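The values are calculated or read from the model by the stated rules, or taken from the named source; none is laboratory data. As the structure is a prediction and not an experimental result, all values here were calculated from the model. Note: ideal-geometry Cβ built from the backbone for every residue, glycine included; neighbour counts use all protein chains shown.
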């Protein structure tokens, strides 16, 4: 089998960075820190529920981000994230 016979990916990693993002979607892993920060700013002073039905590894990260981005309970204008893992 020659290298020309090997299937090539439709989009390679360097090409992904060049694609326009008109739809608001992107390829790759989510930047959870950025996502939590944006929601914290948008919903300041609110209690935000974070729900997951999925990989325990993602759950660990979402749990950490929920704690990291939450204000201390009782602080005036506190923004809180509560993480819930759903089990089916």
Say whether the condition of being modelled with pLDDT of 70 or more and either surrounded by fewer than 10 Cβ atoms within 10 Å (Cβ to Cβ) or assigned to a loop (DSSP other than H, G, I, E, B) (or both) is met by at least one residue in region 9-23. no
Cβ-Cβ under 7 Å, sequence separation 6+ or interchain: first residue in region 68-88 and in contact (Cβ under 8 Å) with a residue 40 or more places away in the chain, partner in a loop (DSSP other than H, G, I, E, B) and surrounded by 10 or more Cβ atoms within 10 Å (Cβ to Cβ). Which pairs? 81/69; 81/70
Candidate set from region 25-34 (those that are in contact with a helix residue (DSSP H, G or I) (Cβ under 8 Å, 6 or more places away or on another chain) and under 15 Å from residue 68 (Cα atoms)); member that is surrounded by the most Cβ atoms within 10 Å (Cβ to Cβ): 32
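With the requirement that a residue be more than 17 Å from residue 40 (Cα to Cα) and in a loop (DSSP other than H, G, I, E, B), what does region 72-88 give you? Before the answer, list the steps.
From region 72-88, those more than 17 Å from residue 40 (Cα to Cα) are 84-88; that's our starting set.
Listed by number, the residues that qualify are 86, 87, 88.
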Hits in region 57-67 (condition: farther than 19 Å from residue 37 by Cβ and touching a residue at least 12 places away in the same chain (Cβ under 8 Å)): 59
Just to be sure before I move on: is residue 34 part of a loop (DSSP other than H, G, I, E, B), within 26 Å of residue 84 (Cβ to Cβ) and at pLDDT 70 or above in the structure I sent? no
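Could you check, for region 58-71, whether at least one of its residues is in a loop (DSSP other than H, G, I, E, B), surrounded by 13 or more Cβ atoms within 10 Å (Cβ to Cβ) and at pLDDT 95 or above? Reasoning before the result, please.
Taking region 58-71 and keeping what is in a loop (DSSP other than H, G, I, E, B), we get 69-71.
The next check asks that each one be surrounded by 13 or more Cβ atoms within 10 Å (Cβ to Cβ); those that pass are 69-71.
From what is left, the residues that are at pLDDT 95 or above are 69-70.
Yes, region 58-71 contains at least one residue that is in a loop (DSSP other than H, G, I, E, B), surrounded by 13 or more Cβ atoms within 10 Å (Cβ to Cβ) and at pLDDT 95 or above.
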